[in-house]
Amino acid sequence: MNNPDKGWALVTGAAAGIGRAIAKRLAADGFGLLTVDRQAPKQLIEDEIFVEADLADRMDTARALEALTGGRDVAVLVNNVGTVRPASIEETTHADLEAVVALNLGCTLQCTQAVLPRMKQARHGRIVNISSRAALGKELRTAYAATKAGLHGMTRTWALELAPCGITVNAVGPGPIGTELFHAVNPADSPRTEAIIKGVPVARLGTPDDIAHAVAFFSDARAGFVTGQVLYVCGGMTVGLGPQ
């Protein structure tokens, strides 16, 4: 595939979970698919171009970006990769903070800078940053919440800078999503899992496809009048608590 009709979509952290759902949705919507993660997905999508890389490492990220974007016009960039390192404030170390900043913010900046020249030349682009409801505050998430809140600042700043170039920048903030990783640490019959679901007004966990649908909206060429926004896909958790 040399020149997909809708252009190329680059998704970071696309091997599993939310990133995989986003990749599948964008491919289904007609974008050529470029993906990167530290391990390969279980099965590649037809015509998917995947590069394995440690996105916490700037040099390895640069190598992957060159392999993926060289000679290709990226129409959509989804900065999905991230890490958490949960800990109380007393137990959060500077090493934790630096590691989370490097991946959640540093990699986002590096990937965005890599696609901007050709987006500006085309005078069209869609950048979607995957944030989190935790940006509003969550226990045991000092480093993670700080970076996701920082991502909102980046999103708004880039939206203003890039608007004259036909490039929109938005963020999607997931609430609790039933990924494989979530279910691995939150068994269905656990009281903690029940409490999480009880706190969601729509009374269910989100799915990776819920997030992919929001990303697909921001990625659409017809969404050019929406920029600098944060869309929480959280089942109403940012409005208030569910039934008590």
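Every read-out reported here was derived from the displayed coordinates using simple, explicitly stated rules and does not represent laboratory data. From a predicted model like this one, the values you see are computed outputs, not experimental measurements. Please note: Cβ atoms are built from the backbone with ideal geometry, for glycine as well, and neighbour counts cover all protein chains shown.
Cβ-Cβ distance below 7 Å, separation of 6 or more or different chains: which pairs start in the range 107-124 with a residue that is exposed (fewer than 15 other Cβ atoms within 10 Å of the Cβ) and end on one that is part of a helix (DSSP H, G or I)?
From the range 107-124, the pairs are Arg123/Cys165.
Tally up the residues in the range 185-216 that are assigned to a helix (DSSP H, G or I) and closer than 30 Å to Leu77 by Cα, please.
Going through the range 185-216, the residues assigned to a helix (DSSP H, G or I) turn out to be 185, 191-198, 208-216.
Add one more test, that the residue is closer than 30 Å to Leu77 by Cα, and what stays is 185, 208-216.
Going through the range 185-216 one residue at a time, the tally reaches 10.
Just one of (1) in contact with a strand residue (DSSP E or B) (Cβ under 6 Å, 6 or more places away or on another chain); (2) of a type in the set (Ser, Thr, Tyr); (3) more than 22 Å from Ile211 (Cβ to Cβ) trips up Thr35, so point out which.
Status for Thr35: all satisfied but (3).
For the range 128-137, indicate whether the set of residues that are charged (D, E, K, R), within 13 Å of Leu10 (Cβ to Cβ) and not in a loop (DSSP other than H, G, I, E, B) is non-empty.
Narrowing the range 128-137 to residues charged (D, E, K, R): 133.
With within 13 Å of Leu10 (Cβ to Cβ) added as a condition, the list becomes none.
The answer is no, given that none of the residues of the range 128-137 is charged (D, E, K, R), within 13 Å of Leu10 (Cβ to Cβ) and not in a loop (DSSP other than H, G, I, E, B).
For the range 129-154, enumerate the residues that are in contact with a strand residue (DSSP E or B) (Cβ under 8 Å, 6 or more places away or on another chain) and among the basic types (Lys, Arg).
Arg133, Lys148
Output the number of the condition that Val81 fails; it satisfies all remaining conditions of (1) part of a helix (DSSP H, G or I); (2) in contact with a Cys (Cβ under 7 Å, 6 or more places away or on another chain).
So the condition that Val81 fails would be (1).
Could you check the range 6-70 for strands (runs of 3 or more DSSP E) lying wholly inside it with 1 or more residues that are among the polar types (S, T, N, Q)?
So the answer is 8-12, 32-37.
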